[in-house]
Amino acid sequence: MRHFSKIYSAQNVGLRAHIIDVETDISKNTLHSFSVVGLPDKAVEESRDRISAAIKNTGFKSPKSHNQKIVISLAPADIKKEGPIFDLPMALSYLSSNGDISFDPQKKIFTGELSLDGKLRPIKGALLIAKEAEARGFEEIYLPKENAAEAALIENISVFGAESLREILDHLDEKNSGRNVAGGKKMVRTPKTEFVEQSEEVEVDFFDVRGQETGKRGLEIAASGGHNVAMSGPPGTGKTMLARALRGILPALSFKEALEITGIYSAGGILSDGLVSRPPFRSPHHTSSYVSLVGGGANLRPGEITLAHRGVLFLDEFPEFEKRAIESLRQPLEDGKISVSRARGSEIFPARFMLIAALNPCPCGYFGSKDRSCVCAPANLLRYERKISGPIVDRIDLWLQVGQIPHEKLSLGGGGGENSGAVRERVAQARKIQEKRFGKAGINIKTNSQMSSKDLVKFASLSPSAEEILKISATKMKLSARAYHRVIKIARTIADMEEKENIEDEHILEAIQYRPRQV
């Protein structure tokens, strides 16, 4: 009779999966004890009761009914084991070690939470686990049925989704196939999940936005080059509406990008249905905490800026966010990633997003308005302005003024020009030009906003007249070196939208007008 067995499982730490060895050793004819070692948290320790009940209700004797010492080790022991994800492999490891079942565990990964009756409950991060299993040479993965379609996005691994422990035993057990009424039925491999672009209905169409031609032009430029935008104007002028319309003009994600974002959402436990094929749009409230925005917490979870990766992070009432939260945007806006360090460890999360910030010119919203008087005290105005620091202003490419719309335009029949589909086609064409340019040069960037100062010399050289215009403007506007380079990036995007090879004077002139007049 065997008294030792090893089963393979996995666990996500941040946005990376780690293979975990689940080893069980049983010592017979001794006082009963059941221990789990390997740095388990409370949920893992409680699995002793869950798997004992699940094993009993699956037709075997409960581990607690024997006088024996059971030790389950989760290795490597220096990784904190969290959650109920190890229930299934621990149950299989015990049954195999006790001689109740027999199967070959090599090249197989098991993961899932067990209910007391032996049913499997869904888990978080199944896609990341399947991806790591494939990379490590595993051939099969067994997990709850609800997670099977998600894991089946990975090509070179067979995915088996099960509803219960009994179903997995019927499929694997070589010793007692036919023990129950099911007669040792074999599970069917989950078919590969095809990459299908989601047909998402546009919440706000560009056609529905009346007036605001400057705002719509600025957002089209931003979408074409992946630039950050700040929209300033009185309340009720359509800043939020414009931001939501932006989502409809962004091109669909590539399969590689969709897989990356789906993995992030899976690890966060917010994956609703299948593959995420559209750029995400995250809109946290201005009362959101620093940790919820940048990530972290006790278990180092990704925050809103990571959930917005490859998509849009919309921060309405931008100055009302916590000062520390606003300043935390410096690193991701510059590097496309965020480093989160806590006492229990550190993680680097991806955060390549487009920032869309909407703000009023003052707390009451009417500073500089021709229609209404501002009622803010000078001290409140100064405090409001200081909420957004110079480094953050520098990192925002386009500053758009969104003014009041004449009532005549609001009452007119018809729409506001082009629809989102037509604009999206132009945005997609501009991005194709950029991808082709950078791909031909062997550079791993996709949009103009990602160019370094070295890339600007190679891909965004200016004519003498355009360079002179930029120098004069930069001197008058007191632009920093970062803002100077961002003007060139915007000009490069405008030229790409017009399918022009070189940056001309009018491209620089339009790009300059999107810098803030006062900092």
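Multiplying the residue separation of A379 and E194 by 0.36 nm and removing their Cα-Cα distance gives an extension gain of 60.8 nm. Close lysine pairs were tallied over the range 84-148: pairs 8 or more places apart or on different chains with Cα atoms under 18 Å apart number 6. Less than 5 angstrom separates the built amide H of F34 from those of I70, all sequence-distant by 5 or more or on a different chain.
For the range 266-350, the gyration tensor built on C-alpha atoms gives an oblate shape. Its axis ratio a/c (a ≥ b ≥ c) is at least 1.5, and a/b is not larger than b/c. The apolar share of the surface of the range 259-298, taken as the fraction of accessible area on carbon and sulfur atoms (1.4 Å probe, ligands and nucleic acids excluded), comes to 51 percent. With Cα atoms as the point set, the chain shows a radius of gyration and Dmax of 28.3, 91 Å.
Summary of packing: across the peptides 34-46, 375-387, the per-residue average of other C-beta atoms within 10 Å ranks them, highest first, as 34-46, 375-387.
In sequence order, the range 241-254 has phi-based couplings of 4, 5, 4, 6, 5, 4, 4, x, 9, 7, x, 5, 7, 6 Hz under the Karplus curve 6.51 cos²θ - 1.76 cosθ + 1.60, θ = phi - 60°, and Gly or Pro positions carry x. Calculate for the chain the 222 nm mean residue ellipticity that helices alone would give, adding -39,500 (n - 2.57) per DSSP H run of length 4 or more and normalising by residue count, nearest 500 deg cm²/dmol. Helices in the chain give a 222 nm mean residue ellipticity of -10000 deg cm²/dmol. Annotation note: trypsin sites (Lys or Arg not before Pro) in the range 102-157 located in DSSP loop regions with a Cβ neighbour count of at most 16 within 10 Å are K107, R136. State whether the range 295-429 is rounded, prolate or oblate according to the following rule on the C-alpha gyration tensor (a ≥ b ≥ c being the square roots of its eigenvalues): a/c under 1.5 gives rounded; otherwise a/b larger than b/c gives prolate, and the remaining case gives oblate. Because a/c hits 1.5 or more and a/b fails to exceed b/c, the range 295-429 counts as oblate.
Does the range 221-374 come out rounded, prolate or oblate, given a ≥ b ≥ c as the square roots of the eigenvalues of its C-alpha gyration tensor, rounded meaning a/c under 1.5 and, failing that, prolate meaning a/b above b/c? Oblate. Amide H contacts of I356: V229, L313, F314, L315, each under 5 Å away and 5 or more positions distant or on a separate chain (H built 1.01 Å from N in the peptide plane; Pro and chain starts excluded). Under a 5 Å amide H cut-off, with hydrogens placed 1.01 Å from N, G296 pairs with R301, G303 among residues at least 5 apart or on other chains.
For the range 304-314, putting each phi into the Karplus relation 6.51 cos²θ - 1.76 cosθ + 1.60 with θ = phi - 60° gives couplings of 4, 5, 7, 5, 8, 3, 6, x, 10, 10, 9 Hz, in residue order, rounded to whole numbers and with x for Gly and Pro. When both bridge partners sit in the chain, DSSP labels roughly 50% of those beta bridges antiparallel. For the range 224-230, backbone phi angles converted through the Karplus equation (6.51, -1.76, 1.60; θ = phi - 60°) give residue-by-residue couplings of 5, x, x, 8, 8, 9, 10 Hz, Gly and Pro being listed as x. Net charge dipole, the range 215-259: roughly 100 debye, given to the nearest 20, about the Cα centre with Cβ charges of +1 for Lys and Arg and -1 for Asp and Glu.
The values are calculated or read from the model by the stated rules, or taken from the named source; none is laboratory data. Note that this is a predicted model, so its numbers are computed, not measured. With ideal geometry, Cβ positions are generated from the backbone for all residues, glycine too; neighbour counts draw on all protein chains shown. Keep in mind that these areas ignore ligands, DNA and RNA; they rest on the heavy atoms of the full protein, side chains included. Shrake-Rupley method; radii C 1.70, N 1.55, O 1.52, S 1.80 Å.
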